[in-house]
Structure formats: C-alpha cells, structure tokens
Amino acid sequence: MTKPRLWITRRLSDATLERAARDYDVVVNYDDTPGSAADLIAASHEFDAIIPCHSEHFTAEVVAQFGERLKIVANHSVGVDHCDLPALKARGIAVTNTPDVLSDATAEIAMLLMLGAARHAVAGDRIVRTGAWDSWSPAFMVGKQVTGARLGIIGMGRVGQAFAAKARGFGMDIHYHNRRQVSEAEAQGAQFHDTVESLLGVADFLSLHCPATPDTVDLMNSERFAMLPQGAVVVNTARGALIDEDALMAAIDSGQVMAAGLDCFKVEPGGNPDFAAYDNIFMLPHIGSATTRTRDAMGFRALDNLDAFFKGETPGDKL
Ligand code: 8YV
C-alpha cells in the first residue's frame, strides 16, 4: 500500500521525524522557516496531510486556494488560532491539535514567569551578570511573595488546571474564571467566578490560560487592568492576542501592575520592543511547551491523529 504523503513544516523532534519517516512518505522542511501562504497552497496540491506549527497561517484566503489532495491538517500545537476552522471544515479538511501533552511544560513556564516577575529576575540577573552588583541592603530588590497569595486563573482547561496544581504547592488561594464551571475534581477547591471582572478583584497574581478567539482579543484592556488589586502580577503563557500591550505598560507605569511575565506577544517572533524598557516585564520567546519530553509527546500525538485518520477512524483530537 502506498504511504500517504505528509509535509512537516518545521523541524520537529528527532523521534517524531523518525516515526513519521517510517510510516509516511514524508517531506520535512529542514530549513525550519515558517511555511508561507504560497508554501501551504502548493502543499495542498502535493500532500495528503500536513503537520504544521502555529507559525503556519491557514487563513480563509489561503484555504480558498487549496487543491483537492490535502485531507488533514494535524497541528503540532494545542492552540489553533492560526487555522480558520470553518474554512478548513468547508473544504472537508480534518483538523486536529495536541492537547494534554503540553499542559505541564506550559504550566512550568507560567510558574517560572510568575516567580521571576514577582522577584525581579530580569534586573537581578543583569546586575550580577554585568558586575554591577556592588552593594546590598534589606531594601534591595524587594519583591512580592507568591506563597499564600491569591491567584486568579482565566481559562481553567488543561493548562489552567496544571498551573493550579503547581500553584497549590505554593499554598496559593486559587480562583478561576472559565466559560463554564469545572467539576469539583477538576477545580480541586479553586473558587469559580462567573465573570472576569469578579475574578480580577481578587487576583493578586493573574495567569491567562484561555485560547485566542475573536471574543478574547484584548481581554486584558485598560478597564480590566484597573480592576486588579494594586500591585498585581500578570502572567501570560497563552496567546499575545489576550493582552492590550499598551494598556499593560500604562498599568505598570501607574503601579496598578507591579510586574508581568510573558511568554507570548502580539507580534511573534520579535515581541514588543517597547517592553525592553521595563525590567519588571520578564519575557521568554514562546517556549512554554519547549521541553524534550513534551516536543516528542506533541509530535507523537500529531502522528497518532494522522494514523487514526488514515486508518479510517476519527482522530482522538479531531476539532
Ligand atoms: C507550541 C503553542 O510551541 O501548542 C501551542 O498552542 O503555542 C506552543 O506550545 C507551538 O504552537 C508549536 O507549534
């Protein structure tokens, strides 16, 4: 039987590429550059399947130019805001993602950002690294304590729950807002707020874990930043679209927000150059899921979805 033709748009983990080569007639973009609209359109004529990352944009305009061959887009990501799902569905193209497997790695990065933002990681590292650390005082780099503080989580899905589990280890008092209240087994005692506004009032630390959708663009705007307790710390490991970045800087300038920890930005790659002036914005370049174990698990999950599809079954993560 001829193997389905698969295009892998980016350099996935070695274990993933090995397994893909075993089971598919695979072409890998070893250059590891993001696939352009033209690349995607060309691939839709030549391949039965694509494993893309969030760096490839399946807009309605691009999908409208697709050929007949492409049958499935098996994303190597949990977020699918780079895919116009109705447009792909209208073309009869199946779409899958990779939930679950990256929750812990992403929650770890959220914890790193929360702690780093609260405890002056950027300025502290710089002062030691540059040899500028020439004095010490009890009033020096005093931060905000995480242990026992109130944490607000927006988006109590898999990553939100994984982050809550880690925050419980810090004795945090956990509150959340989600489209629907989660079960007690999932909430593990976290207190539900039926509005974002209600949650913000108790969020000494705020962590975003919801997807980017038309409804959540600029979820954190100037009105909402003003609802946080004075000196709150804001963490975003979900999507840059969720934060109005000018409003964040204004909230930091006014002292409403003490610090922020960000793994994602409106513009990626690159981030917001204006943030560089803020030592109290601790930043990472969208590496929430970037551990060896999780990269393998994401690649394997995407391949599991493809295997099911080409066996005539419904992939476990079909959207
Ligand atoms: C990935 C992510 O690094 O899964 C997601 O939605 O944002 C990240 O974990 C990236 O999307 C890989 O394609």
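The values are calculated or read from the model by the stated rules, or taken from the named source; none is laboratory data. The model shown is predicted, which means the values in this text are computed figures rather than measured ones. Positions of Cβ are backbone-derived with ideal geometry, glycine not excepted, and every protein chain shown enters the neighbour counts.
A single entry from Asp244, Asp263 fulfils the requirement of being closer than 23 Å to Val101 by Cβ and assigned by TED's automatic domain parsing to the domain that holds Ala162: Asp263.
Quick check on my filter: what residues within region 276-290 are within 20 Å of the chain's Cα centre (by Cα) and surrounded by fewer than 17 Cβ atoms within 10 Å (Cβ to Cβ)? Answer for region 276-290, where residues must be within 20 Å of the chain's Cα centre (by Cα) and surrounded by fewer than 17 Cβ atoms within 10 Å (Cβ to Cβ): Pro285, Ile287, Ala290.
Here Val128 meets the list (1) loosely packed, with under 13 Cβ neighbours inside 10 Å; (2) in contact with a helix residue (DSSP H, G or I) (Cβ under 7 Å, 6 or more places away or on another chain) almost entirely, failing just condition (2). Among the conditions (1) in contact with a Lys or Arg (Cβ under 7 Å, 6 or more places away or on another chain); (2) away from the ligand (no atom under 12 Å from the Cβ), the only one that Asp81 does not satisfy is (2). Of the residues Gly240, Gly261, the single one that is within 17 Å of the chain's Cα centre (by Cα) and surrounded by fewer than 22 Cβ atoms within 10 Å (Cβ to Cβ) is Gly240. Here Asp48, Asp32 are screened, and the one residue that is surrounded by fewer than 18 Cβ atoms within 10 Å (Cβ to Cβ) and either within 13 Å of the ligand (Cβ to nearest atom) or at pLDDT 95 or above (or both) is Asp32. Determine, yes or no, whether Ala238 is out of contact with any strand residue (DSSP E or B) (no Cβ under 6 Å at 6 or more places or on another chain), in a loop (DSSP other than H, G, I, E, B), in contact (Cβ under 8 Å) with a residue 40 or more places away in the chain and not polar (S, T, N, Q). The answer is no for Ala238. Tell me which of these Gly155 doesn't satisfy, since it passes every other one: (1) of a type outside the set (Lys, Arg); (2) within 16 Å of the ligand (Cβ to nearest atom); (3) over 19 Å from Met220 (Cβ atoms). Single failed check for Gly155: (3). Annotation note: of Phe282, Phe309, the sole residue that is in a strand (DSSP E or B) and more than 11 Å from the ligand (Cβ to nearest atom) is Phe282. Is it the case that some residue within region 297-305 is farther than 19 Å from Ile51 by Cβ, away from the ligand (no atom under 14 Å from the Cβ) and either modelled with pLDDT of 95 or more or out of contact with any Lys or Arg (no Cβ under 6 Å at 6 or more places or on another chain) (or both)? No: region 297-305 contains no residue that is farther than 19 Å from Ile51 by Cβ, away from the ligand (no atom under 14 Å from the Cβ) and either modelled with pLDDT of 95 or more or out of contact with any Lys or Arg (no Cβ under 6 Å at 6 or more places or on another chain) (or both). The lone criterion from (1) surrounded by 19 or more Cβ atoms within 10 Å (Cβ to Cβ); (2) assigned by TED's automatic domain parsing to the domain that holds Thr16 left unmet by Gly271 is number (2).
In this structure, is Thr96 farther than 30 Å from Gly157 by Cβ, assigned by TED's automatic domain parsing to the domain that holds Asp296 and within 16 Å of the ligand (Cβ to nearest atom)? Criteria not met by Thr96. Only one of the numbered conditions (1) closer than 19 Å to Thr16 by Cβ; (2) out of contact with any Ser or Thr (no Cβ under 6 Å at 6 or more places or on another chain) is violated by Asp296, and that is (2). If you check Gly79 against the conditions, is it in the same structural domain as Asp304 (by TED's automatic domain parsing) and either hydrophobic (A, V, I, L, M, F, W, C) or under 18 Å from the mean Cα position of the chain (by Cα) (or both)? When the stated conditions are applied, Gly79 passes them.
In this structure, is Leu70 crowded, with 20+ Cβ neighbours inside 10 Å, over 13 Å from the mean Cα position of the chain (by Cα), in a loop (DSSP other than H, G, I, E, B) and more than 16 Å from the ligand (Cβ to nearest atom)? Spelling it out, Leu70 is indeed crowded, with 20+ Cβ neighbours inside 10 Å, over 13 Å from the mean Cα position of the chain (by Cα), in a loop (DSSP other than H, G, I, E, B) and more than 16 Å from the ligand (Cβ to nearest atom). Based on what the data block shows, is Leu40 over 16 Å from Asn305 (Cβ atoms) and touching a His at 6+ places or on another chain (Cβ under 9 Å)? It is true that Leu40 is over 16 Å from Asn305 (Cβ atoms) and touching a His at 6+ places or on another chain (Cβ under 9 Å).
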